[in-house]
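Colleague: The following block contains the structure, expressed as structure tokens.
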Amino acid sequence: METIAVKVNRTYADLIHGGEISGKSPFIESLTHGGYFLQIPRITAETFREWDKCSLREQLLSLCEQDYFIEENFHKRYPYPLTDKNIKKKVETLAYIVAKPTPGQKQ
């Protein structure tokens, strides 16, 4: 299954591109309830190559991208334009959490 975000309500729906997915995942089928599943390894910079064409849902998923953080000492930097106020707030919150040292952490 190649989609990034899946909603299972005993049917599979592609939450990024729309439409129903006809294939089944053995892992998802082994669950006893419906749910939402993000396949984090599938969220890459390529997903957001054409940022201006990304939906708000796709932009929100950019927060889960594992490769986008740029190391600068202990601080991380979000590389995409912050055009949505809700996503901007989430990025600011994550940046604050990452920048604030935990007890015992070296600066």
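Colleague: Which FRET efficiency value, to the nearest 0.05, is calculated for S30 and C64 with the Förster distance at 30 angstrom and r the Cβ-Cβ distance? Don't skip to the answer; put the middle values down first.
Modeller: Details: r = 23 Å, r/R0 = 0.77.
Efficiency computed from Cβ-Cβ geometry: 0.80.
Colleague: While we're looking at this one, here's another question. Stretched out fully, how many nm does the piece from D84 to R49 gain, at 0.36 nm a residue minus the Cα gap? Don't jump to the answer; show the numbers that get you there.
Modeller: On the way: separation 35, 0.36 × 35 = 12.60 nm, distance 1.75 nm.
Extra length from D84 to R49 when fully extended: 10.8 nm.
Colleague: Full-extension gain between E2 and R77, please, as 0.36 nm times their residue separation minus the C-alpha to C-alpha distance. Kindly include the intermediate steps, with their values, before the conclusion.
Modeller: On the way: separation 75, 0.36 × 75 = 27.00 nm, distance 2.76 nm.
Full extension of this stretch gives 24.2 nm more.
Colleague: Also: By how many nm would the segment from S22 to A95 lengthen if fully extended, with 0.36 nm per residue of separation less the alpha-carbon distance? List each step's numbers first, then the result.
Modeller: On the way: separation 73, 0.36 × 73 = 26.28 nm, distance 3.88 nm.
Gain on extension, S22 to A95, equals 22.4 nm.
Taken together, the values in this text are just the output of simple stated rules run on the coordinates, not laboratory data. Quick caveat: nothing in here was measured; it's all calculated off a predicted structure. Here Cβ is always computed from backbone atoms with ideal geometry, including for glycine, and neighbour counts include all displayed protein chains.
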